[in-house]
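*Asks:* Have a look at this one.
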Amino acid sequence: MKKYLLASVAALGLVAAGAASAADLPSRKGPVAAPVYMPPVFTWTGFYVGANAGYAWGDVNASSVWAGPVWLGSLGNLDGFTGGGQIGYNYQMGQFVLGAEADLQGADLSTGNNLGALRVKTEYFGTVRARVGVAFDRFMPYITGGWAYGNVKTSIPGLALSSDASHTGGWTVGGGLEYAITNNIIAGVEYLYVDLGEKSIMTTGAKTGTEFSVVRARLNYKF
């Protein structure tokens, strides 16, 4: 019995000595690396509001309503500056971005006096549009289209005749490119083709059709 006890004590001593020797060995672990900071990925999802300014140009055409619609020709070029604001919402799904936007801007679009003949003027217009874009991180090209509205005012300066500024409706289509400067500030440029439909020219039995292109710069704040 004593032999077994002595053998057990000797074995425990050897185990303790080995553990102490292992504790004295230098550690093989190197310095712990600091965690790498990964900035959050930018997302286009969210509401935004902003302002725009640009230039528009186009023409005004006339058509007769006597004996069926007959095109009479151009009444002159239409051009001038535009500026206003927009509000919208984007939703990003993977690389695709779906959105909706409404805008309203004042305009100084006029055909001039036309030597006393018919003059057509648009003082404001707006759109309600859907947008579809493809996100490349902070860059996003997109296409857009929807409903357009505005006022078309006609007058004959030589006869001192004018119509009330009536509201007309039509359609618009276009595209643009946006870049997120920060997570909240987004700049962009946009092109729109706007067709405001037709408007009767007082009691002449003819109608005017107002169409123009718009190129504008945009600046939005994303919430």
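Every number in this text was worked out from the coordinates using simple rules, so none of it is lab data. What you see is a predicted model, and the numbers here were worked out from it, not measured in a lab. All Cβ positions, glycine included, derive from the backbone under ideal geometry; neighbour counts span all protein chains shown.
*Asks:* Rounded to the nearest whole Å³, what is the per residue volume of the convex hull around the Cα atoms of region 88-154? Before the final figure, lay out the partial values.
*Replies:* Working: hull volume 6.6 nm³, N = 67.
Normalising the Cα hull of region 88-154 by residue number yields 98 Å³.
*Asks:* For each of Phe223, Phe96, count neighbouring Cβ atoms within 10 Å of the residue's Cβ, then give the residues from fewest to most.
*Replies:* Working: Phe223 9, Phe96 13.
Ascending Cβ contact count within 10 Å gives the list Phe223, Phe96.
*Asks:* Please find the FRET efficiency linking Ala53 to Ser200, where r is the Cβ-Cβ separation and R0 is fixed at 45 Å, and quote it to the nearest 0.05. Mind showing how you got there, number by number?
*Replies:* Numbers: r = 32 Å, r/R0 = 0.71.
Plugging the Cβ-Cβ distance into 1/(1 + (r/R0)^6) gives 0.90.
*Asks:* What's the extension gain from Val41 to Val173 if we count 0.36 nm per residue and subtract their Cα-Cα distance?
*Replies:* In short, 44.5 nm is gained.
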